[in-house]
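The values are calculated or read from the model by the stated rules, or taken from the named source; none is laboratory data. Worth saying up front: this structure is predicted, and the values here are computed from it rather than measured. As a convention, Cβ positions derive from the backbone with ideal geometry for all residues, glycine included, and neighbour counts pool all protein chains shown.
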Amino acid sequence: METEALERYLNSFGQQVVNRAKGNLQKSKGGGTALEKSIKFNVIKTAEGFAVQFLMTDYGPFVDKGVSGTEAKRKFKDYKGKVKSTPYSYKNRKGHSQPPSSALDKWIVKKGIAPRDKEGRFLSRKSISFLIARSIGKKGIKGLSFFQKPLGLGLKQFGKEMLGAISEDILKSINSTTTVK
C-alpha cells in the first residue's frame with residue numbers, strides 16, 4: 001500500500017508540534033534560546049508503520065515538566081490537559097539538593113545581575129550563583145508545559161486528519177493496482 005500521504009501528514013504533524021513548542025518558549029523565555037533551537041522531530045519507518053520522534057536538549061523535559069524543590073512540590077499540565085506532579089525533584093541530600101552554581105554563571109552575566117551588599121560593594125558572581133542555586137533547590141522550577149500543550153493540540157487533530165491521509169493512500173493504492181483492459 002502507498003504511504004506517501006500518511007508520511008506527509010506525519011511530517012506536517014511533527015512540524016506543527018515543533019513550531020508551537022518553539023513559539024511557547026519564545027513567549028515565556030524570549031527568542032533564540034539553546035533549548036528552542038534544539039527542538040526537532042523525525043518521522044521514522046518502523047516494522048509497524050511509522051513513528052514520530054521528538055528531540056530536544058537534555059534539560060528540555062525539566063523545563064517542560066518542572067522540577068520540585070526540597071520545600072515546594074511542582075506540577076505541570078500534560079498533553080491530555082491533566083495536572084500532574086513533576087517526576088523530577090532536587091533531592092534533599094548533600095550535593096544534590098540544588099543545581100550546580102557553575103551552571104548559572106553565564107546566565108547571571110547575560111542577565112546583568114550584580115547586586116550589592118549593605119556597604120554598596122558588588123557581591124561576587126560566585127556568591128550570587130550560589131544564592132540563586134540554593135533558592136532554586138528549595139523552590140524548584142515551574143514547569144512551562146511548552147511541549148506538552150502543542151503535543152496535546154496536535155493529537156486532538158491527529159485522528160480526524162490522519163483518516164483523510166490514510167484514505168488518500170488507500171485510493172492511490174487501489175487506483176495503481178486496477179488496470180483497464
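Would it be correct to say that residue 105 is closer than 25 Å to residue 36 by Cβ, in contact with a Ser or Thr (Cβ under 7 Å, 6 or more places away or on another chain) and not polar (S, T, N, Q)? Break it down into steps so the answer makes sense when it comes.
Values: closer than 25 Å to residue 36 by Cβ: yes; in contact with a Ser or Thr (Cβ under 7 Å, 6 or more places away or on another chain): yes; not polar (S, T, N, Q): yes.
Spelling it out, residue 105 is indeed closer than 25 Å to residue 36 by Cβ, in contact with a Ser or Thr (Cβ under 7 Å, 6 or more places away or on another chain) and not polar (S, T, N, Q).
Within region 21-33, restricting attention to residues that are modelled with pLDDT of 90 or more and of a type outside the set (A, V, I, L, M, F, W, C), the residue that is surrounded by the fewest Cβ atoms within 10 Å (Cβ to Cβ) is 27.
When residue 113 is tested against (1) surrounded by 11 or more Cβ atoms within 10 Å (Cβ to Cβ); (2) under 30 Å from residue 4 (Cα atoms); (3) of a type outside the set (Ser, Thr, Tyr), exactly one condition is not met: (2).
Can you work out which of the residues in region 39-78 that are of a type in the set (Val, Ile, Thr) and closer than 15 Å to residue 6 by Cβ is modelled with the lowest pLDDT? Don't jump to the end; show me each part of the working.
Here is the first cut: in region 39-78, the ones of a type in the set (Val, Ile, Thr) are 39, 43-44, 46, 52, 57, 63, 67, 70.
Subsequent filtering for residues that are closer than 15 Å to residue 6 by Cβ retains 43-44, 46, 52.
Details: 43: 92, 44: 91, 46: 84, 52: 89.
Applying the filter and picking the extreme gives 46.
When 48, 7, 36 are screened for being in the same structural domain as residue 153 (by TED's automatic domain parsing), of a type in the set (Asp, Glu), exposed (fewer than 12 other Cβ atoms within 10 Å of the Cβ) and farther than 18 Å from residue 130 by Cα, only 48 passes.
I want to confirm something. Restricting to region 46-72 and keeping residues that are more than 14 Å from the chain's Cα centre (by Cα) and without any contact (Cβ under 8 Å) to a residue 60 or more places away in the chain, which single residue is nearest to residue 138 (Cα to Cα)? Filtering region 46-72 for residues that are more than 14 Å from the chain's Cα centre (by Cα) and without any contact (Cβ under 8 Å) to a residue 60 or more places away in the chain, the one nearest to residue 138 (Cα to Cα) comes out as 52.
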